[in-house]
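Step one of this worksheet: look at the structure below.
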Number of protein chains: 2
Amino acid sequence: MGKDIIADHARWPRLEDEIFKVNKECKEAIKEKGRDKVIDSTLGTLIDDDGNLIAFDSVYDTLKNMDKKSIASYAAIEGNEAYLDLLVDKCFGPYKPDAYIKAIATAGGTGAIRHSFWTFLNPGDYVICPNWYWPAYQTMCEEFDREFKTYEFLDKDFNFNLEEFKKTLDFALENRDRVLCVFNSPANNPTGFSIDDAMWDEILDVIKKRAAAGKFISILLDVAYIEFAGDGSQKKFFEKFSSLPENIITTVAYSMSKSYTAYGIRTGACIIISSNGDFANRAFDSMKHSNRSIWSNITHAGMNILVDIENDEEKKKSYEDELKANRQLLEKRAKAFVESAKEVDLIHLPYFGGFFISIPCDNPKEVAEKLKEKDMYIVSNKNGLRFAVCAVSEDKCKIAPKLIKEAIDEVNK
Amino acid sequence: MGKDIIADHARWPRLEDEIFKVNKECKEAIKEKGRDKVIDSTLGTLIDDDGNLIAFDSVYDTLKNMDKKSIASYAAIEGNEAYLDLLVDKCFGPYKPDAYIKAIATAGGTGAIRHSFWTFLNPGDYVICPNWYWPAYQTMCEEFDREFKTYEFLDKDFNFNLEEFKKTLDFALENRDRVLCVFNSPANNPTGFSIDDAMWDEILDVIKKRAAAGKFISILLDVAYIEFAGDGSQKKFFEKFSSLPENIITTVAYSMSKSYTAYGIRTGACIIISSNGDFANRAFDSMKHSNRSIWSNITHAGMNILVDIENDEEKKKSYEDELKANRQLLEKRAKAFVESAKEVDLIHLPYFGGFFISIPCDNPKEVAEKLKEKDMYIVSNKNGLRFAVCAVSEDKCKIAPKLIKEAIDEVNK
């Protein structure tokens, strides 16, 4: 018999939340020294210049005016039809792929990623992913016994590293029939990098060539930050997912968390794109089975918010105004950071949108520690630091690069 | 290579929602004939006598007065501490087991059941369950490759069938080291049956004997309807989960869905009870890993509602008054049904509380069809019919038994 009451596959050390820890330290520093004196680059949510979470009025007025019965009642297991239809339109804009498209409601973007890893891979198959990534991908691979393999995200000119992607794809398929390729673009977390349309053509060419051998290749587009990644043209790449070979299936993880400042409401969807209607339907069936097995149905109010806003011209206008204003806020902050970084010769990865800018460096953990001495609190990862333009005021975005540069030089002298 | 883009373990026919279908037919009948003429016993939520969903003012006023930032922000992955502490107190009342107790937030009760099936069983191990059960248990076993085995719930005198339970437990453990026993009590869905305290002693004796051989036995208490199952003494049985042998671990699936009329808010918790502190902690670690891998964190507003109500004497009083009034509404409806059933010799399973009463019969599907001719819409399962006292007015509860009896006699003549 096993020697542990926890089943073999389910034994994990406690997940420590590094971000939570450094955020806590930062809060203490603010309490002691005052908000003006501290740079809080720990959070992954939109924060105004006074340190308050931004929660769109258009979204929360809609919630507060909602009939309580519409909040209280269960939603359909697969999500309500109006929600899914409107979400698909909103996600793709005018660039809806020419393909069979089915959507299913999920708990945030997380749920859509979970479903993609679960439905298209067997245990032991690979998820491949650039080496600047959201750590939950790896946690999911552990949980579901998928292999997780990363490749160098960018080449020396800071373009998407097609060669490394190719090599890793070949490696993943060498002894397996299935692979899933994650692309967290546009406005990658943690870098703010977006894969451009020409590069998408090259990536899809590579995938199509590998698929010619009859292997099953899944593409997961995690577009959590897409609404903060441009004025609309950032959605043009979706068109490229038209008429792909049948053994390539694409899913889009769409989340209301960032785009509606509705992080805590846990509403998203997995959009399935396939040239084969039967495959799209059967992926939907598989994911509906998963929905029932893990959360039954998702937050009804979240779905209603999207439907209420999209169906009311006035509300929609208010929402879009708020979204635009906050996208511009991010752009201003990022511009301030990038300009200052240039002045002090701080190297960062190219930023095209979203909540974060990444600074590659050696000994990132030590650099983050050093920055605390300079009253700056920032999240580090294996490759560098994640600066949160979503959370830091424009003024502080101007100051931050110099502090970071100094800390890097001091640690890595 | 596999011949299907869906991975081997993830291929399922589309889940058809029988309840949704019959509910739709019922709505059409109401539209055509008027609400007065139709008995709608399709729903699993509290419905007032005018056919409206009951949503507690105390709950939804709390939500509507909540700071939007507290709704918008992410909760902790494992759930917020105040929420978990208050929920544990609320769940157990004065009958908290003398054991190590850890709780983790989950998406409704569903999430807590999912975690229990996942964390304590390996693929191929058995979940054993009475043969009147919530169908999602079986869906979860399919999803996670656990075996699902049911046993005859009640003996001929309508007591819990200890002999059948024993046999099934022995069967499940014959070639395996782990088993999970589901008990949806008090106020079982779909029967309204509650296992009494003396029977719990016998059940636990059986389990302790089997555990003596060193096998790992998990007990899942699905208490979704517990707040509608009595005036408080229905929680006394929790005390019995004190000081059990270390190789028995208990989890409680607690849900705000019914107890707060917050079905659509998807907030619950898995409460872990163990005599071994390390086991409790490591089960928590495993489930936190699962949380991150499937939904990241759950609806923040749901947790805040519980905390706000429990921490405010006035709100708490309003909430408890509403809960009591609705429990009494259910009791009155059930009493009307039971009395009428007696008059017409309609056999039903013993009802002790909750949303449903079950009527065992042959050919339940045909009986449910026949009842449509009598303008009554009811959900059938393998063993009989599920009458929804949660959804049918007292007057109609009086009429229903005669219609059901007639339909059974007509179909099974």
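From the list A:301, A:253, which one is within 17 Å of residue A:85 (Cα to Cα), at the interface with chain B (Cβ under 8 Å from one of its Cβ atoms), among the hydrophobic types (A, V, I, L, M, F, W, C) and not in a loop (DSSP other than H, G, I, E, B)?
Within the list A:301, A:253, the selection yields A:301.
I'd like to check something: does the stretch A:228-241 contain any residue that is within 30 Å of residue A:71 (Cβ to Cβ), buried (at least 24 other Cβ atoms within 10 Å of the Cβ) and in contact with a Leu (Cβ under 8 Å, 6 or more places away or on another chain)? Lay out the reasoning, then the answer.
Narrowing the stretch A:228-241 to residues within 30 Å of residue A:71 (Cβ to Cβ): A:228.
Keeping just the survivors that are buried (at least 24 other Cβ atoms within 10 Å of the Cβ) gives A:228.
Then keep just the ones that are in contact with a Leu (Cβ under 8 Å, 6 or more places away or on another chain); that gives A:228.
Among the residues of the stretch A:228-241, at least one is within 30 Å of residue A:71 (Cβ to Cβ), buried (at least 24 other Cβ atoms within 10 Å of the Cβ) and in contact with a Leu (Cβ under 8 Å, 6 or more places away or on another chain), which makes the answer yes.
Kindly list the number of the only condition in (1) in a loop (DSSP other than H, G, I, E, B); (2) among the hydrophobic types (A, V, I, L, M, F, W, C); (3) within 27 Å of residue A:294 (Cβ to Cβ) that fails for residue B:244.
Tallying (1) in a loop (DSSP other than H, G, I, E, B); (2) among the hydrophobic types (A, V, I, L, M, F, W, C); (3) within 27 Å of residue A:294 (Cβ to Cβ), residue B:244 fails exactly one: (3).
So which pairs qualify, if the first residue must be in the stretch B:5-18 and closer than 16 Å to residue A:117 by Cβ and not assigned by the TED database to the domain that holds residue B:141, the second must be in a loop (DSSP other than H, G, I, E, B) and among the hydrophobic types (A, V, I, L, M, F, W, C), the Cβ gap must be under 9 Å, and the two must be at least 6 apart or on different chains?
B:6/B:12; B:7/A:121; B:10/A:121
What are the residue pairs meeting all of these: first residue in the stretch B:380-391, first residue at negative phi, second residue part of a strand (DSSP E or B) and aromatic (Phe, Trp, Tyr), Cβ atoms under 9 Å, and 6 or more apart or on different chains?
Filtered contacts from the stretch B:380-391: B:386/B:356; B:387/B:356; B:388/B:356; B:389/B:356; B:390/B:356.
Kindly indicate which of B:57, B:36, B:67 is out of contact with any strand residue (DSSP E or B) (no Cβ under 9 Å at 6 or more places or on another chain), more than 12 Å from chain A (Cβ to nearest Cβ) and farther than 22 Å from residue A:76 by Cα.
Details: B:57 fails: more than 12 Å from chain A (Cβ to nearest Cβ); B:67 fails: more than 12 Å from chain A (Cβ to nearest Cβ).
Only one candidate passes the filter, namely B:36.
Residue B:100 passes all but one of (1) within 14 Å of another protein chain (Cβ to nearest Cβ); (2) closer than 21 Å to residue B:297 by Cα; which number fails?
Condition (2) is where residue B:100 drops out.
In this structure, is residue B:304 over 23 Å from residue B:45 (Cβ atoms), surrounded by 20 or more Cβ atoms within 10 Å (Cβ to Cβ) and not acidic (Asp, Glu)? Spell out the reasoning first.
Working: over 23 Å from residue B:45 (Cβ atoms): no; surrounded by 20 or more Cβ atoms within 10 Å (Cβ to Cβ): yes; not acidic (Asp, Glu): yes.
Against the criterion (over 23 Å from residue B:45 (Cβ atoms), surrounded by 20 or more Cβ atoms within 10 Å (Cβ to Cβ) and not acidic (Asp, Glu)), residue B:304 does not qualify.
Hey, does the stretch A:344-362 have a residue that's in contact with a Leu (Cβ under 7 Å, 6 or more places away or on another chain), surrounded by fewer than 19 Cβ atoms within 10 Å (Cβ to Cβ) and within 21 Å of residue A:134 (Cα to Cα)?
Looking for residues that are in contact with a Leu (Cβ under 7 Å, 6 or more places away or on another chain), surrounded by fewer than 19 Cβ atoms within 10 Å (Cβ to Cβ) and within 21 Å of residue A:134 (Cα to Cα), one finds at least one in the stretch A:344-362, hence yes.
Within the stretch B:396-412, does at least one residue satisfy the condition of being in a strand (DSSP E or B), touching a Lys or Arg at 6+ places or on another chain (Cβ under 9 Å) and farther than 19 Å from residue B:335 by Cα?
For the stretch B:396-412, residues in a strand (DSSP E or B), touching a Lys or Arg at 6+ places or on another chain (Cβ under 9 Å) and farther than 19 Å from residue B:335 by Cα: absent.
On the given criteria, is residue B:378 outside the structural domain of residue B:134 (by the TED database) and not in a strand (DSSP E or B)? Please lay out each step first, then the result.
Details: outside the structural domain of residue B:134 (by the TED database): yes; not in a strand (DSSP E or B): no.
When the stated conditions are applied, residue B:378 does not pass them.
Can you list residue pairs whose Cβ atoms sit under 7 Å apart, with the first residue in the stretch B:101-123 being without any contact (Cβ under 8 Å) to a residue 24 or more places away in the chain and the second being not in a helix (DSSP H, G or I)? Count only pairs 6 or more apart in sequence or on different chains.
That search, which allows pairs on different chains as well, returns B:123/B:145; B:123/B:146.
Within the stretch B:178-191, track down each residue that is in contact with a strand residue (DSSP E or B) (Cβ under 9 Å, 6 or more places away or on another chain) and either under 26 Å from residue B:228 (Cα atoms) or at pLDDT below 95 (or both).
Within the stretch B:178-191, B:180, B:181, B:182, B:183, B:184, B:185, B:187, B:188, B:189, B:190, B:191 meet the criteria.
Take residue B:127 and decide whether it is within 21 Å of the chain's Cα centre (by Cα), assigned to a helix (DSSP H, G or I), crowded, with 17+ Cβ neighbours inside 10 Å and away from chain A (no Cβ under 11 Å).
no
Considering only the stretch B:1-117, give the helices (runs of 4 or more DSSP H) lying wholly within it that have at least 1 residues that are at pLDDT below 95 and either acidic (Asp, Glu) or surrounded by 21 or more Cβ atoms within 10 Å (Cβ to Cβ) (or both). Can you show your working first?
Values: elements: B:18-33, B:57-64, B:68-72, B:81-92.
The qualifying helices (runs of 4 or more DSSP H) are B:18-33.
In the stretch A:256-296, how many residues are surrounded by fewer than 24 Cβ atoms within 10 Å (Cβ to Cβ), within 9 Å of chain B (Cβ to nearest Cβ) and either at pLDDT below 95 or in a loop (DSSP other than H, G, I, E, B) (or both)?
Within the stretch A:256-296, residues that are surrounded by fewer than 24 Cβ atoms within 10 Å (Cβ to Cβ), within 9 Å of chain B (Cβ to nearest Cβ) and either at pLDDT below 95 or in a loop (DSSP other than H, G, I, E, B) (or both) number 2.
Is there a residue being in a helix (DSSP H, G or I), farther than 30 Å from residue B:264 by Cβ and free of Cβ contacts under 8 Å to residues at least 40 places away in the same chain anywhere in the stretch A:215-222?
No, the stretch A:215-222 contains no residue that is in a helix (DSSP H, G or I), farther than 30 Å from residue B:264 by Cβ and free of Cβ contacts under 8 Å to residues at least 40 places away in the same chain.
Quick check on residue A:326: is it in contact with a Leu (Cβ under 8 Å, 6 or more places away or on another chain) and more than 14 Å from chain B (Cβ to nearest Cβ)?
So residue A:326 fails the test.
Being modelled with pLDDT of 95 or more and within 26 Å of residue A:119 (Cβ to Cβ) narrows it down to one of A:218, A:194, so name that one.
Being modelled with pLDDT of 95 or more and within 26 Å of residue A:119 (Cβ to Cβ) holds for just one of A:218, A:194, which is A:218.
Name the residue that is nearest to residue B:187 (Cα to Cα), counting only residues in the stretch B:346-366 that are within 19 Å of the chain's Cα centre (by Cα) and of a type in the set (A, V, I, L, M).
Filtering the stretch B:346-366 for residues that are within 19 Å of the chain's Cα centre (by Cα) and of a type in the set (A, V, I, L, M), the one nearest to residue B:187 (Cα to Cα) comes out as B:357.
Out of (1) in a loop (DSSP other than H, G, I, E, B); (2) hydrophobic (A, V, I, L, M, F, W, C); (3) away from chain A (no Cβ under 14 Å), the odd one out for residue B:206 is which?
Residue B:206 satisfies all of (1) in a loop (DSSP other than H, G, I, E, B); (2) hydrophobic (A, V, I, L, M, F, W, C); (3) away from chain A (no Cβ under 14 Å) except (1).
If you check every pair at least six apart or on different chains, which have Cβ atoms under 8 Å apart with a residue in the stretch B:323-346 that is among the hydroxyl-bearing types (Ser, Thr, Tyr) and part of a helix (DSSP H, G or I) first and a residue that is surrounded by 15 or more Cβ atoms within 10 Å (Cβ to Cβ) and modelled with pLDDT of 95 or more second?
Here the result reads B:340/B:346; B:340/B:397; B:340/B:398; B:340/B:399; B:340/B:400; B:340/B:401; B:340/B:402, each pair linking the stretch B:323-346 to a residue that is surrounded by 15 or more Cβ atoms within 10 Å (Cβ to Cβ) and modelled with pLDDT of 95 or more.
Residue under question is residue B:123, and the condition is that it be closer than 19 Å to residue B:223 by Cα and modelled with pLDDT of 95 or more; does it hold?
no
Give just the number: which of (1) surrounded by fewer than 22 Cβ atoms within 10 Å (Cβ to Cβ); (2) touching a helix residue (DSSP H, G or I) at 6+ places or on another chain (Cβ under 7 Å) does residue A:320 not satisfy?
Every listed condition holds for residue A:320 apart from (2).
Yes/no matrix, rows are residues, columns are (1) more than 25 Å from residue B:293 (Cβ to Cβ); (2) in contact (Cβ under 8 Å) with a residue 24 or more places away in the chain:
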residue: A:201; (1), (2): yes, yes
residue: A:209; (1), (2): yes, no
residue: A:226; (1), (2): no, yes
residue: A:254; (1), (2): no, yes
residue: A:265; (1), (2): no, yes
residue: A:273; (1), (2): no, yes
residue: A:282; (1), (2): no, no
residue: A:299; (1), (2): no, yes
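I need a count of the residues in the stretch B:134-171 that are within 14 Å of chain A (Cβ to nearest Cβ) and not in a strand (DSSP E or B).
13
Within the stretch B:342-363, which residues are in contact with a Ser or Thr (Cβ under 6 Å, 6 or more places away or on another chain) and of a type outside the set (Gly, Ala, Ser)?
B:349, B:352
The values are calculated or read from the model by the stated rules, or taken from the named source; none is laboratory data. All figures in this text were calculated on a predicted structure; none of them were measured in a lab. For neighbour counting, all protein chains shown are included, and Cβ atoms are generated from backbone atoms with ideal geometry for every residue, glycine included.
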